[in-house]
1. With respect to the numbered conditions (1) surrounded by 19 or more Cβ atoms within 10 Å (Cβ to Cβ); (2) farther than 29 Å from LEU505 by Cα, which one is the sole condition not fulfilled by GLU13?
2. Where residues in the range 373-402 are touching a residue at least 40 places away in the same chain (Cβ under 8 Å) and charged (D, E, K, R), which of them is nearest to SER443 (Cα to Cα)?
3. For LYS521, all conditions in the list (1) modelled with pLDDT under 95; (2) over 25 Å from GLN100 (Cα atoms) hold save one; what is the number of the exception?
4. Going through the range 222-276 one residue at a time, which ones are hydroxyl-bearing (Ser, Thr, Tyr) and either in contact (Cβ under 8 Å) with a residue 12 or more places away in the chain or more than 27 Å from ARG178 (Cα to Cα) (or both)?
5. Condition (residue is touching a residue at least 12 places away in the same chain (Cβ under 8 Å) and under 23 Å from CYS529 (Cα atoms)) applied to the range 409-419: is it met by at least one residue?
6. So in the range 153-178, with the set limited to residues that are modelled with pLDDT under 90 and surrounded by fewer than 22 Cβ atoms within 10 Å (Cβ to Cβ), which one is nearest to LYS130 (Cα to Cα)?
7. Do we find that VAL371 is crowded, with 17+ Cβ neighbours inside 10 Å and either among the basic types (Lys, Arg) or within 18 Å of ASN449 (Cβ to Cβ) (or both) in this structure?
8. For residues in the range 335-393 being within 18 Å of the chain's Cα centre (by Cα), outside any helix (DSSP H, G or I) and aliphatic (A, V, I, L, M), which is nearest to LYS278 (Cα to Cα)?
Amino acid sequence: MNATQEQLKVKFEQALVAAFGAEYAGVDPILVAASNPKFGDYQANVALSLSKRLGKQPRAIAATIVEELDIAAICEPPEIAGPGFINLKLKTAYLEAQLQAIQRDPRLGVPTVKDPQREVVDFSSPNIAKEMHVGHLRSTIIGDCIARILEFRGHHVLRLNHVGDWGTQFGMLIAYLREVYPQALTTANALDIGDLVSFYRQAKQRFDADEAFQETARQEVVKLQAGAEDTIHAWKLLCQQSRLEFQVIYDLLDVKLIERGESFYNSLLPGVVEDLDKSGLLVENQGAKCVFLEGFTNREGEPLPLIVQKSDGGFNYAATDLAALRYRIHQDEAKRIIYVTDAGQANHFAQFFQVARKAGWIPDDVELVHVPFGLVLGEDGKKFKTRSGDTVRLRDLLDEAVNRVRADLENRLQEYGRTETEEFIAHAAEVIGISAVKYADLSQNRTSNYVFSYDKMLSLKGNTAPYMLYAYVRTQGISREGNIDFEQLGTEAKILLAEDTELTLAKHLLQLSEVVSEVEKDLLPNRLCEYLYSLSDKFNKFYENCPVLQSEEPVRTSRLGLCNLTARTLKLGLSLMGISVLERM
């Protein structure tokens, strides 16, 4: 609910008490945005809901409420429509004053929260010794956007990268490299990430086929867990090699994370098992230590256990997640913990959340949230893969987007006979290409699968990053053409609204705060995308219908003010998605 809606709600609540008595304090006025502009801006439907209670016709109730309604400073006189709807149209003078106020605010009217809290966002989470692939795209981009919005609202955000850096795969890889390439375990940067991935595949094939090698690999895991110096040194080198490659991608995406891998919680795992045992939840089943869960059954309909410690004494990743959860609550003092992973892990999160609640580990003031997302699909509707059937490397996907934009830019420059510096072309290609990939992902409802299409995401038309960037560039073009410095124009440019497209744009500009607080609560970044797309569309209609530089004063200054507010809103909104703007394209 935006500030205007909040004000109107208070006014309605006062009118209800004045009209019908103190017992009507707190009655919801059912105030919603009007579905059609011809009905005004808002509609209150409370009269219909009170008809039975008051024993009167809704229209009569509406008339009584309107008599007591003190909203002359905000709205035109209310109109009663249909069976008893109260329609409200905002006054132009009120809208002008609101725009004047946000024009002076660096945050464009978006307040910080009254009670900031520690929020953990767990996202990206690739595995060491494996390359980041298209499956990591959504977690990384969605998680970063959520973290940016929470930070902007004033929360203390801990951005955690829960990388897979522990377990059997390291015993397997170290044992294999000791045989075939021991130098990799003693010398920094002896392998690049592609080599490491190749060795990992070979080690896995050997592990699956050779029992003697399996035992050797298990011994390496034991040495790793025991802290054997040479094994730990080898493990650190492998982790560092992967981190270097991850960082290249995080830098490209402008994503910041604090790494806390599975190994970080290793010393806490025995305590998790011990405390579950003390609470009476732990059951031994076929040698493994498990917790049986409510509402989860196997194919035979029998209760499904969550394995915490395997029969060989090794810990399952459920134990690591439980240890991480406890650490985040007690040491990090988190009040909301947000896990951004694919929808396929929904059961795992439901299960380990249930175990933690049963054990009494979740305080009443701590919220656990799984933020699931769908798959990235190819244009054939199947999981997005290379032509050879391999999973698409994230680095290749990003490079391809940038290369396509570069080729298009160079073609356009040639077509129009323009020249640009190499620096400009490289920067513009990277900004547009990376922005297109990010925006295409964030603009989807994250719970759905979506089809990855370079052609669609790089289009200058429709709900795409290039369309948003072009709308911003258009505002800067006005500035350059008129030799206008928007900052010199100042925050006091008097806003005057006369044309329909001006009013439509003005009303939309005032909704930013409401949209940001919705995303903070619901964690659905596509709502911000929809807002910015609609803003770009409304600005383009304003631009086509309302001359800016050619207008006479004071209309010219007012329209320049609207252009500046649009530019600032686009720039802020896109920055909350990790998208930079360009001054020209």
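The values are calculated or read from the model by the stated rules, or taken from the named source; none is laboratory data. Keep in mind the model is a prediction, meaning the values are calculated, not measured. Don't worry about glycine lacking a Cβ; one is built from the backbone with ideal geometry, like all the others, and counts go over all protein chains shown.
1. Going through the list (1) surrounded by 19 or more Cβ atoms within 10 Å (Cβ to Cβ); (2) farther than 29 Å from LEU505 by Cα, GLU13 breaks only (1).
2. Within the range 373-402, the match that is nearest to SER443 (Cα to Cα) is GLU379.
3. Every condition holds for LYS521 apart from (1).
4. Answer for the range 222-276, where residues must be hydroxyl-bearing (Ser, Thr, Tyr) and either in contact (Cβ under 8 Å) with a residue 12 or more places away in the chain or more than 27 Å from ARG178 (Cα to Cα) (or both): THR231, SER242, TYR250, SER263, TYR265.
5. no
6. Across the range 153-178, the extreme among qualifying residues is GLN169.
7. Against the criterion (crowded, with 17+ Cβ neighbours inside 10 Å and either among the basic types (Lys, Arg) or within 18 Å of ASN449 (Cβ to Cβ) (or both)), VAL371 qualifies.
8. Top of the filtered list is LEU368.
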